[in-house]
Amino acid sequence: MPDVKTASHAVGIAEDRVDLKTMDRAALKDFVAEHGVPRYRGDQLFHWIYGKGVSDFDRMSSLPKRMRRGLQRDATVANIEVVEQQQAADQTVKALFELPSGREAETVLIPAIDERGEARRLTVCVSSQVGCAMGCEFCATGLMGFRENLTPGAIFDQVWHMNEVAEERFGRPVTNVVFMGMGEPLLNYDAVLDSIDILTDEDSLNLSAQKITVSTVGLARRI
Ligand code: SF4
């Protein structure tokens, strides 16, 4: 097993640690292969990061120690952190997350409660950008202007967190995802598509693609 650190010098990632949360399964496999590591190790990385929610390489026990040491030196798994969370009277849960950049993004969990008081549907409304370049007059996010695109992992983290909230408060996992939070998702197209690949992966949250809605203000050429 080649040492990831040694191999990484060839692609110059020694100074700037690469964030594995910018990658979906295919990109993780390409990443390890570029460093001379068998592609199945990328599947194992995917399982730890997006299936188990683990970001500490030391805990990734199925990876060889030498590879873990290389990853510790050259890579990171940048998570987003909840800084504020509130539940409204209608049981909607709003969370404010701090991104690795220090900027903040909002996420909402919207339960559809049936006549027996049970959550029939649990929808997460995710942000895909901080701020937005579209500048729609009615929208507070638009007034901020564009600040930052979220990574696939930062989009995934919003759903992962709300999935835990859903299990804890409503006794069942998230059923739907809508890209209707901060940002115009089609202006962060690649990351949004990668996040959908992750969210629908059976080794991750295994959501149905039919239950994921991307809402746009009308960038039709991207659809
Ligand atoms: S596209 Fe969405 S987030 Fe952006 S300004 Fe318009 S309504 Fe707001």
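Throughout, read-outs are computed from the coordinates displayed, never taken from laboratory work. Given the structure is predicted, the values throughout are model-derived calculations rather than measurements. Methodologically, a virtual Cβ is constructed for each residue, glycine included, from the backbone with ideal geometry; neighbour enumeration extends over all protein chains shown.
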**Study point:** With at most 13 neighbouring Cβ atoms within 10 Å, loop GluC sites (Glu not before Pro) (DSSP) excluded, longest segment of the chain
**Key:** 16-114
Review point. Can you pull out the cysteines in the chain that have no other Cys Cβ under 4.7 Å?
Key: 125, 132
Point to revise | Pairs beyond 30 Å (Cα-Cα), from 52/94; 21/94; 65/211 | key: 65/211
Exercise for review: Determine the relative contact order of the chain: mean sequence separation of Cα pairs under 8 Å and six or more apart, normalised by residue count, in whole percent.
Suggested key: 17 percent
Check your understanding: Is it possible to state the helix-based mean residue ellipticity at 222 nm for the chain, with each DSSP H run of 4+ residues giving -39500 (n - 2.57), the sum divided by total residues, to the nearest 500 deg cm²/dmol? What is it?
Key -> -8500 deg cm²/dmol
Check your understanding: Build a GNM of the chain with springs between Cα atoms under 10 Å: which of 177, 108, 37 gets the top mean-square fluctuation?
Key -> 37
Revision key, fill the gap. Taking Rh as the Kirkwood radius computed over alpha-carbon pairs of the chain and applying Stokes-Einstein at 4 °C with viscosity 1.567 mPa s, one gets a diffusion coefficient in µm² s⁻¹ of 70 µm²/s
Review point. Just in region 117-161: which chymotrypsin sites (Phe, Trp or Tyr not before Pro) are loop by DSSP and have at most 16 other Cβ atoms within 10 Å?
Key: 138
